[in-house]
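The values are calculated or read from the model by the stated rules, or taken from the named source; none is laboratory data. Bear in mind that the values here come from a model prediction, so they are computed numbers and not experimental data. With ideal geometry, Cβ positions are generated from the backbone for all residues, glycine too; neighbour counts draw on all protein chains shown.
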Amino acid sequence: MNDQRKGENMDKKRLGIFGGVILAVIAGLALFVPDAQQPAGGEAERPVVSVSTFPLYEAARAVAGESIDVRTIIPLGADPHLFSPNPKQVAQISDSALFVYNGAGFESWAEGLKSTLPSGVSVIDMSQHVTLLEHTKEEHHDESHAEHEEEHAHHDHGAFDPHYWLDIDNMIQMTKKFEEEFSKLSPANSGLFHENASAYISELQKLKSEYAAGLAECKKRTLVSNHDAFGYLAHKNGLDTVSVVGLSTDEQPSAKNIADIVALVKERNITTVFFEALINDTVARTIARETGAKAVPLQPLANISQDELQSHQTYLGAMRENLAKLRDAMECR
């Protein structure tokens, strides 16, 4: 009987030792199993691309699909003319494979930042890959602004208008550039990038045709806005533009400038003064009150608000909304 018990105890010890070995082997193998939350080919392995403005994000996302992690730097709802990145945002750019910014003087912070980025971060100034318009101040921007403009030289956009994405042809060029760059980052997905770019370009060409037809026959052809952001849109569609302030949203208009625009609105019987939701609209609304015109928001698309994002606003959708507002203001057939 004692011998039987001893045998049973020995068997239990052997099973315990064997079970311990099995558990150790399983634990060791577990170290080599990929994390279920980060599968091979998953989000952790996608190249990260950081972009500055909303139009860049829109075009990049259209081309990338789910194959590249595209991130914006400028927060939703912020005025991109006045933005400067904080350390966290600089770190995000530094951790990216590619950083793309608008250029043409739109982001003065980017020009200084790019020389400090790690060598592994590729940098693209998109303004070098589109067609730019030279910017000349309108006659309404008088010399009394000189002192103020000197104070805000860090927001000076230089010789070219940086709002080039409002020329749909430039959005097409931006899309092609993203296809080219993404194919370098992820050659295995180059076919997908080409397919996505072609589909988005087709939508942009359709939008371009809608603008050409929609603004072809209009009684009025003067676009009055609180900020000189619509030069490309006007240039492509044969419109004149008059703005309360210039390219930078922090410029302050003089009393004479406002009076001149009030007189022009009355003289040309203009019924709509456009403003942007992301910047101060007080002056535009004042001009509208003085003239009996309507004050109507028009989206320049440098950025969008949180509400617009939640309502799935896109470049294509916002541009179509702009077209409807322009047709009403210009009394188009």
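If I filter the stretch 277-292 down to residues being at pLDDT 90 or above and among the β-branched types (Val, Ile, Thr), which single residue comes out as farthest from the chain's Cα centre (by Cα)?
Once the filter is applied, the top-ranked residue is 291.
Residue by residue through the stretch 196-224, note down the ones that are of a type in the set (S, T, N, Q) and either in a helix (DSSP H, G or I) or under 22 Å from residue 107 (Cα atoms) (or both).
Of all residues in the stretch 196-224, those of a type in the set (S, T, N, Q) come to 196, 198, 202, 205, 209, 222.
Answer for the stretch 196-224, where residues must be of a type in the set (S, T, N, Q) and either in a helix (DSSP H, G or I) or under 22 Å from residue 107 (Cα atoms) (or both): 196, 198, 202, 205, 209.
Considering only residues that are in contact with a helix residue (DSSP H, G or I) (Cβ under 9 Å, 6 or more places away or on another chain) and free of Cβ contacts under 8 Å to residues at least 60 places away in the same chain, look in the stretch 318-333 and name the one that is farthest from residue 238 (Cα to Cα).
Checked the stretch 318-333; the qualifying residue farthest from residue 238 (Cα to Cα) is 318.
Within the stretch 249-273, track down each residue that is closer than 15 Å to residue 302 by Cβ and either in the same structural domain as residue 83 (by TED's automatic domain parsing) or crowded, with 19+ Cβ neighbours inside 10 Å (or both).
Here is the first cut: in the stretch 249-273, the residues closer than 15 Å to residue 302 by Cβ are 249-250.
Scanning the stretch 249-273 gives a single hit, 249.
Suppose we filter the stretch 301-317 for residues that are in contact with a helix residue (DSSP H, G or I) (Cβ under 7 Å, 6 or more places away or on another chain) and more than 16 Å from residue 204 (Cβ to Cβ); how many remain? Walk me through it before giving the result.
Step one: filter the stretch 301-317 for residues in contact with a helix residue (DSSP H, G or I) (Cβ under 7 Å, 6 or more places away or on another chain), giving 301-304, 314-316.
Narrowing further to those that are more than 16 Å from residue 204 (Cβ to Cβ): 302-304.
Residues meeting the conditions: 3.
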